[in-house]
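So the structure is just underneath, and the comments pick up after that.
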Amino acid sequence: MGATQVRFDEDHTDLHRAAQMNPAAPGAETVLSPRDAARPKCDPPAEQMGRARRLTILVLLSTVAFVALLDFFIVNVALAAISTDYRGSSLPAVSWVLSAYAIMFATVMVPAGRLADLWGRKKILLSGVAVFTLASLVCALAPTLGVLIGGRAVQAVGAAMILPTSLGLLYPSFPDRQHTLVVGIWAGVAAVAASSGPTLGGLIIGLSWRWIFYVNLPIGVAALVIGQFLLPEVRQLVGSRFPDAMSAVSLLAAVASLVLATVQGPQWGWGDRRTVALFVVAVAAGAVCVQRTLRATTPIIEKSLFQSRPFAGSTVAAVVYFGGFAVFLVGNSLFLENAWHYSPLRTGLAVAPVPVTSIALVAGAGVIAKRFGRTQPAVVGTLLMTAAAVYWIATVEANPHYWTAMLPGMVLMGVSSGLAQAAMFAAPNSLPADRASTGSAVVNLSSRVGSAIGVAVLVALTATNESIAGYDHAWIVLAVAGVLAATALLLGARSTVQPESLK
């Protein structure tokens, strides 16, 4: 049988339908068996929903995804204020407000997406919104640092339930011909959220850091009410089997150990027994997870997902790109505060060109994807990250010169974020419709793991040298990350897949 060309810049919905009807059909990308690739049932079908209802669903799902991603980074600029509020709390202790969220978010992401595909996406999404909203209230009212850290951990569980499921609900809510457009918008909003944390956090903590969590409450309540009435019921009627237990446990252990080691490594020391032990556990658990993915009948991460080379390329690119993006977002914020002595508010405003530029691209995300596909904009976006890093290395000095030395790179990073992240978050569009939630969870897991690794690399580079030289080294890492991410995307786009049905 001849090879089947798979292009990343196309909407694969028709190919998947052809594969389901006739796995031997020319041009069919057969990555799942016909039984497992059956479409989920959407009640009511997209064709029976009015335009106003579909647009409201798009706004709702994009909003809850935005908030879930935003809370990953928004607390960064509030750590000093939180430390002051809880007298006697050291910054390393307060940093667990970030670490708890990062660990739980990354750990729960894929299992939540898998359960959404199995048990119903609306149910999981609204449950996640409820958990996230209640946990936000606990965080806002937290009388002690321990309560705040616990609330952040629970909040991350809700966010992990929201993020992949929101995309899984978006697909069946719109006709096939509109998928590229609406997924582009959703992904663009997610990209803006990833870069808005320092800016919004800097503005909000002028009132109080607790308002970072209070603002989630009306959004959560509105999402629950609107979602209950407007979101469709989406169920997977065939191929719904509970994931292999060993596969799920090993994934949780691998992700939790890896993220915890990278988060705590700079504080404990990379040679500390605890850090080394966690990395050993991560490698061992990861090996078990890979073995179960290849051998188990129903693994938590199905190997069929990665038979879509565009999806595999985007997953690898997400790890590298978001590692670099975390180096930028946290590193440049620290540089502005520590080297140029900016206040948190001024730092937030200095980073504002990144989300503002990303927002300018969100409105055209679907149009860009239709005109140029996903590979070309994503590759340009990742290489613009490299361009921004090179610019900062060449121009930034110890004396502040924001408008000429920092701002042009910020604009480049905003364009990079809008182009590259939107394409990566939309990568599950290359999978069958019934794998949208799981695919979205895998890409988002990759981005969160990459972010944790990026922060660890940044701390390692700047911990002993907070001068310009330390940040120059971080920007070199940023430049390399852009090139590697572009390479992964190009390799995925050049794929040639032999049709194969999974047993």
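Could we say that Ala245 is in contact with a helix residue (DSSP H, G or I) (Cβ under 6 Å, 6 or more places away or on another chain) and over 25 Å from Lys122 (Cβ atoms) here?
On the way: in contact with a helix residue (DSSP H, G or I) (Cβ under 6 Å, 6 or more places away or on another chain): no; over 25 Å from Lys122 (Cβ atoms): yes.
Against the criterion (in contact with a helix residue (DSSP H, G or I) (Cβ under 6 Å, 6 or more places away or on another chain) and over 25 Å from Lys122 (Cβ atoms)), Ala245 does not qualify.
Any residue in region 346-363 that is surrounded by fewer than 19 Cβ atoms within 10 Å (Cβ to Cβ) sitting within a Cβ distance under 6 Å of a residue that is modelled with pLDDT under 85? List the pairs, counting only those 6 or more apart or interchain.
Close Cβ pairs (under 6 Å, with a partner that is modelled with pLDDT under 85) amount to Ile359/Val192.
Hey, among the residues in region 135-165 that are of a type in the set (Ser, Thr, Tyr) and either in contact with a Phe, Trp or Tyr (Cβ under 6 Å, 6 or more places away or on another chain) or not in a helix (DSSP H, G or I) (or both), which one's surrounded by the most Cβ atoms within 10 Å (Cβ to Cβ)?
Step one: list which residues in region 135-165 are of a type in the set (Ser, Thr, Tyr), which gives 136, 144, 165.
Still in the list and also either in contact with a Phe, Trp or Tyr (Cβ under 6 Å, 6 or more places away or on another chain) or not in a helix (DSSP H, G or I) (or both): 136, 144.
Values: Ser136: 25, Thr144: 10.
Of everything passing the filter in region 135-165, Ser136 is surrounded by the most Cβ atoms within 10 Å (Cβ to Cβ).
Of the residues that make up region 128-149, is at least one closer than 23 Å to Ala245 by Cβ and of a type in the set (Gly, Ala, Ser)?
Within region 128-149, one or more residues are closer than 23 Å to Ala245 by Cβ and of a type in the set (Gly, Ala, Ser).
Pick from region 379-407 the residues that are of a type in the set (Val, Ile, Thr) and in a helix (DSSP H, G or I): which of them is surrounded by the fewest Cβ atoms within 10 Å (Cβ to Cβ)? Before you say what the answer is, go through the steps one by one.
Looking only at region 379-407, we keep the residues that are of a type in the set (Val, Ile, Thr), and these are 379-380, 382, 386, 390, 393, 395-396, 404.
Okay, now just the ones that are also in a helix (DSSP H, G or I), so 379-380, 382, 386, 390, 393, 395, 404.
Working: Val379: 22, Val380: 17, Thr382: 30, Thr386: 22, Val390: 17, Ile393: 18, Thr395: 13, Thr404: 9.
Among those residues, the one meeting the criterion is Thr404.
Checking Val225 against (1) without any contact (Cβ under 8 Å) to a residue 24 or more places away in the chain; (2) buried (at least 20 other Cβ atoms within 10 Å of the Cβ): exactly one of these is not met. Which one?
(2)
Please determine whether any residue of region 172-180 is modelled with pLDDT of 95 or more, over 16 Å from the mean Cα position of the chain (by Cα) and among the aromatic types (Phe, Trp, Tyr).
Narrowing region 172-180 to residues modelled with pLDDT of 95 or more: none.
Looking for residues that are modelled with pLDDT of 95 or more, over 16 Å from the mean Cα position of the chain (by Cα) and among the aromatic types (Phe, Trp, Tyr), one finds none in region 172-180, hence no.
What is the one condition in (1) crowded, with 19+ Cβ neighbours inside 10 Å; (2) aliphatic (A, V, I, L, M); (3) at pLDDT below 85; (4) closer than 19 Å to Asn444 by Cβ that Leu252 does not satisfy?
Going through the list (1) crowded, with 19+ Cβ neighbours inside 10 Å; (2) aliphatic (A, V, I, L, M); (3) at pLDDT below 85; (4) closer than 19 Å to Asn444 by Cβ, Leu252 breaks only (1).
Residues checked against (1) over 17 Å from Val442 (Cα atoms); (2) among the acidic types (Asp, Glu); (3) at pLDDT below 90:
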position	(1), (2), (3)
Gly271	yes, no, yes
Leu278	yes, no, no
Ser308	no, no, yes
Ser314	no, no, yes
Ala326	yes, no, yes
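Quick one: what pairs do we get from region 256-268, first residue surrounded by fewer than 19 Cβ atoms within 10 Å (Cβ to Cβ), second in a helix (DSSP H, G or I) and at pLDDT 80 or above, C-beta under 9 Å, 6+ apart or different chains?
The qualifying pairs are Trp268/Ala261; Trp268/Arg274; Trp268/Thr275.
May I ask you to say which residue of Pro310, Pro299 is touching a residue at least 40 places away in the same chain (Cβ under 8 Å), within 22 Å of Gly492 (Cβ to Cβ) and not in a helix (DSSP H, G or I)? Lay out the reasoning, then the answer.
On the way: Pro310 fails: not in a helix (DSSP H, G or I).
After applying the criteria, what remains is Pro299.
The values are calculated or read from the model by the stated rules, or taken from the named source; none is laboratory data. Small disclaimer: the values here were computed from a predicted structure and weren't measured. Here Cβ is always computed from backbone atoms with ideal geometry, including for glycine, and neighbour counts include all displayed protein chains.
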